[in-house]
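The values are calculated or read from the model by the stated rules, or taken from the named source; none is laboratory data. Since this is a predicted model, take the numbers as computed values, not measurements. Note: ideal-geometry Cβ built from the backbone for every residue, glycine included; neighbour counts use all protein chains shown. Ligands, DNA and RNA are excluded from the accessible area calculation, which covers all protein heavy atoms including side chains. Shrake-Rupley method; radii C 1.70, N 1.55, O 1.52, S 1.80 Å.
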Amino acid sequence: MANFDWVPFYEEYANKLLEYKDDRQALVPKLRKVYEKVGYNFPKMKLSDDVPDEIDPITAFGLFNKSNMTSAPKRIDDLQELGKEFSFQTPPPTGFDGVPLLYPLSAIIFDWRKENRSEDSESFWNVLAAAVAYADNQTDEEARNAFIRAYDAIKDRSGLKWRLSMGLFWFRPYCYLSLDSRNRKFLADSPIVSKECADYFAALKNVPTGEEYLNLCAFVKEMMKANDNFQLKHFPELSHEAFIGPLPQPTSSSAAPRYWLYAPGANAKRWDHFYKKGTMGIGWHEIGDLRQYSSQNEIRDALREKLYPTKNPTQAANMLWRFANDIRPGDVVFVKKGVTKLLGRGEIIEDVYYFDDAEDDLKNVRKVEWTDYGEWDLPKGCAQKTLTDITDYLDLVETLNEKLDKDGDGTAETGRGPQPDGYGAEDFLNDVYMSADDYERLVAALEMKKNVVLQGAPGTGKTYAAKRLAFSMMGVQDESRVAMVQFHQSYSYEDFIMGYRPMETGFELRRGVFYEFCKEAETDPENKYFFIIDEINRGNMSKIFGELFMLIECDKRGVPLQLLYANEKFSVPENVYIIGMMNTADRSLAMLDFALRRRFAFFDMKPGFDSEGFVEYQHDLASEEFDKLVLEIKRLNEAIVADEALGEGFCVGHSFLCGLETESVEAMLQNVVDLELIPLLKEYWYDEPTNVETWAHRLRAALQ
């Protein structure tokens, strides 16, 4: 028999909260105290570890109505502590039949985690006051109008939507109908509701206005009272039936779609590839075609045999079984990056198949019609697993769909991924202070050699130029076809190509960043890919590239070679270009490996003070101090070139003076001189302090 003794307790909680309407700073410590007593972590502010001093009443309820709050006995204990803290007269409930729960990540309604916005929060508290007043006196027309005004003031707030009615239901369960997804589905599809009611809820896509909502509550109450077939007599009973009763089966032969949260590789690195191909894949290719296994246990045994002899890979086996057998055409997939970003959505259109010719290690694949591409915030705390069935987390599914739909009306945003902006030689010359002739020589060298090193003194814009050089040769600003690493003395073949890494129970073969990048480029031979290496002369190239050092040569591209750690042959694709960067002013570096010099073209990046782009930038700033400092730096460079211990490779580059804004040029220039240029000169002339003093005085004087 259903138990609704939670109703008076929830009503008293709403009354207790009203006592803190004008003293909310006192409410948060009390709620936090309850949370700590029952063993939960109280939510912190989004941008810090501070506990907020502001909270809304719907969140105050939501904190104790989350779907992860385990068993009924534990919830009873939780609310017993809440009752003690707030001196409730009503005993804690012994059951929770009909109480709608929030997905844990949706429990925070008002965005108080970002900042304290008391004025905005006041609107939420006005709803609580108006809802209680009207529920306790429903014949009062003024109370009704006050409720409508308060309701309409917040109904369109971001992140609220149907949760507004859930809060009202918690405040006064007999007066207000919860419009959570289960209740809406029940009232639209259940055979015991009237046709008029079913038609209304089937068409209900947006949150109703306050007037519409009260009329809707009255309409459903009247239907329950008038319909003899409708055995439910109040809203808690209706909510209970919606949550425990079987939902009507679809009339078509296909099953209702399930919803999945999916990670396309570590850090979503294969997302663009899958989006272009219209597929999704899963790893553990070592055990072959997943269709050959008749049970999850068989997959687990195969994983043990091939990969995990000392482990019990139950979770991986479950994931692989679900990917191969539980996902069906028509299911919806949400794509995530880590636990923070939502990247897209699609619909499964084919059963699993095994792509044996794939160079990728994700050989078990499904066809997907991707409909959404972009980047949205993922609710905090989502599962980290590669594949998670979230069908039963109705609030989470609704939240994700809302993020991807325009204005909450169910209209999908464009399914075409954002197209990169065009980028050519003119754009490069506008961004990088280099002459057109030098740019043409640089592009020709990279096209001919496939590998180039940009070498120059600090501030010549090597890193900035490298990526824009890649964009200009691709013709678009496509970040997905550019990768960047930084070499150092500990960087190894295992980091770059592949190697064994220690795990809890042994060692696992991991593929390195260059290996993965080449495999990605290999699947897209029509487009150019650029691999950028910062501080290339700090790494031991022979150690890092190993047996593949030969394969980066332009005439060895596409030539396969046996890998050291894997029983496979590997080649560097024709469409991969390598751009290295080297600081010529670094005294700590030894002579470059001759093998590096033979395989790369070397291009000198010089200060661009006289380039057309910099001259135009200088003219736009229209700063006398800037002009005088540029002139002094040019003279400083002449002195550096004339110094036998230094030379042209130590000249001060133009990048030190880039990115300045007209409004604050003078202050920014002072920081450049004191915090960047003078410390650099101390490095150059560490044994000639007189030179440092002379030029420090001249640079500072230019700003007087």
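Give all pairs with beta carbons closer than 7 Å in which a residue from region 505-527 that is within 16 Å of Leu548 (Cα to Cα) meets a residue that is in a helix (DSSP H, G or I); count only pairs at least 6 apart in sequence or on separate chains.
So the pair list comes out as Gly512/Glu494; Gly512/Asp495; Gly512/Phe496; Val513/Phe496; Phe514/Phe496.
Would you check if Val482 is open to solvent by less than 50 Å² (accessible area, probe 1.4 Å) and aliphatic (A, V, I, L, M)?
Yes, satisfied.
Of the conditions (1) of a type outside the set (A, V, I, L, M); (2) open to solvent by less than 20 Å² (accessible area, probe 1.4 Å); (3) within 23 Å of Gly456 (Cα to Cα), Ser623 fails just one. Which one is it?
(3)
Condition check ((1) modelled with pLDDT of 85 or more; (2) part of a loop (DSSP other than H, G, I, E, B)) across all residues:
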residue	(1), (2)
Val7	yes, no
Asn15	yes, no
Tyr20	yes, yes
Ala26	yes, no
Met45	no, yes
Asp50	no, yes
Phe88	yes, yes
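Here is a list: Ala202, Ala135, Ala150. Which entry is part of a helix (DSSP H, G or I), in contact with a helix residue (DSSP H, G or I) (Cβ under 6 Å, 6 or more places away or on another chain) and open to solvent by less than 40 Å² (accessible area, probe 1.4 Å)?
Values: Ala202 fails: open to solvent by less than 40 Å² (accessible area, probe 1.4 Å); Ala135 fails: in contact with a helix residue (DSSP H, G or I) (Cβ under 6 Å, 6 or more places away or on another chain).
Only one candidate qualifies: Ala150.
Could you check, for region 293-300, whether at least one of its residues is among the hydrophobic types (A, V, I, L, M, F, W, C) and open to solvent by 50 Å² or more (accessible area, probe 1.4 Å)?
no
What is the one condition in (1) out of contact with any Pro (no Cβ under 8 Å at 6 or more places or on another chain); (2) under 30 Å from Pro257 (Cα atoms); (3) modelled with pLDDT of 75 or more; (4) open to solvent by less than 30 Å² (accessible area, probe 1.4 Å) that Gly417 does not satisfy?
The one condition Gly417 does not meet is (3).
Under the condition of being open to solvent by less than 20 Å² (accessible area, probe 1.4 Å) and not in a loop (DSSP other than H, G, I, E, B), which residue from region 389-398 is modelled with the highest pLDDT?
Val397
Out of everything in region 646-700 that is among the small types (Gly, Ala, Ser) and in contact (Cβ under 8 Å) with a residue 60 or more places away in the chain, what residue ends up being surrounded by the most Cβ atoms within 10 Å (Cβ to Cβ)?
Gly653
Pairs only if they're at least six apart or on different chains, beta carbon under 9 angstrom, first in region 11-37 and in contact (Cβ under 8 Å) with a residue 60 or more places away in the chain, second β-branched (Val, Ile, Thr) and not in a helix (DSSP H, G or I); list them, first residue then second.
Correct list of pairs: Glu11/Thr90; Glu12/Thr90; Tyr13/Thr90; Arg24/Ile55.
Check Phe650 against each of (1) over 42 Å from the mean Cα position of the chain (by Cα); (2) under 25 Å from Met582 (Cα atoms); (3) among the hydrophobic types (A, V, I, L, M, F, W, C) and name the one condition it does not meet.
Tallying (1) over 42 Å from the mean Cα position of the chain (by Cα); (2) under 25 Å from Met582 (Cα atoms); (3) among the hydrophobic types (A, V, I, L, M, F, W, C), Phe650 fails exactly one: (1).
Can you tell me which residue within region 362-388, out of those that are assigned to a loop (DSSP other than H, G, I, E, B) and surrounded by fewer than 16 Cβ atoms within 10 Å (Cβ to Cβ), is modelled with the highest pLDDT?
Start the filter on region 362-388 by keeping residues that are assigned to a loop (DSSP other than H, G, I, E, B), which leaves 362-363, 378-386.
Now narrow it down to the ones that are surrounded by fewer than 16 Cβ atoms within 10 Å (Cβ to Cβ): 380-381, 383-385.
Working: Lys380: 66, Gly381: 60, Ala383: 68, Gln384: 70, Lys385: 81.
Within region 362-388, the match that is modelled with the highest pLDDT is Lys385.
Which of the residues spanning region 545-588 are surrounded by 14 or more Cβ atoms within 10 Å (Cβ to Cβ), among the polar types (S, T, N, Q) and assigned to a strand (DSSP E or B)?
Once the filter is applied, which keeps residues that are surrounded by 14 or more Cβ atoms within 10 Å (Cβ to Cβ), among the polar types (S, T, N, Q) and assigned to a strand (DSSP E or B), region 545-588 yields only Asn583.
Give the residue, chosen from Phe243, Phe230, that is open to solvent by less than 60 Å² (accessible area, probe 1.4 Å), modelled with pLDDT under 80 and of a type in the set (Phe, Trp, Tyr).
Phe230
Name the single residue, out of those in region 323-361 being at pLDDT 80 or above and of a type in the set (Val, Ile, Thr), that is nearest to Cys518 (Cα to Cα).
So, considering only residues that are at pLDDT 80 or above and of a type in the set (Val, Ile, Thr), the one nearest to Cys518 (Cα to Cα) is Val335.
Just one of Ala465, Ala436, Ala444 is of a type outside the set (Lys, Arg) and open to solvent by less than 30 Å² (accessible area, probe 1.4 Å); which is it? Quick ask: steps written out before the conclusion?
On the way: Ala436 fails: open to solvent by less than 30 Å² (accessible area, probe 1.4 Å); Ala444 fails: open to solvent by less than 30 Å² (accessible area, probe 1.4 Å).
Testing whether each residue is of a type outside the set (Lys, Arg) and open to solvent by less than 30 Å² (accessible area, probe 1.4 Å) leaves just Ala465.
Which numbered condition trips up Gly330, out of (1) part of a loop (DSSP other than H, G, I, E, B); (2) closer than 25 Å to Leu509 by Cα?
Status for Gly330: all satisfied but (2).
Can you find a residue that is in contact with a helix residue (DSSP H, G or I) (Cβ under 8 Å, 6 or more places away or on another chain) and over 24 Å from Asp431 (Cβ atoms) anywhere in region 615-624?
no
Within the group Gln455, Gln489, Gln477, which residue is crowded, with 19+ Cβ neighbours inside 10 Å and modelled with pLDDT under 90?
Checking each option against the conditions leaves just Gln455.
Out of Ser181, Ser190, Ser165, report the one residue that is in contact with an Asp or Glu (Cβ under 9 Å, 6 or more places away or on another chain), buried (at least 19 other Cβ atoms within 10 Å of the Cβ), within 22 Å of Leu394 (Cα to Cα) and at pLDDT below 90. I'd like the intermediate steps shown before the answer.
Working: Ser181 fails: buried (at least 19 other Cβ atoms within 10 Å of the Cβ); Ser165 fails: at pLDDT below 90.
Of the residues listed, the single one that is in contact with an Asp or Glu (Cβ under 9 Å, 6 or more places away or on another chain), buried (at least 19 other Cβ atoms within 10 Å of the Cβ), within 22 Å of Leu394 (Cα to Cα) and at pLDDT below 90 is Ser190.
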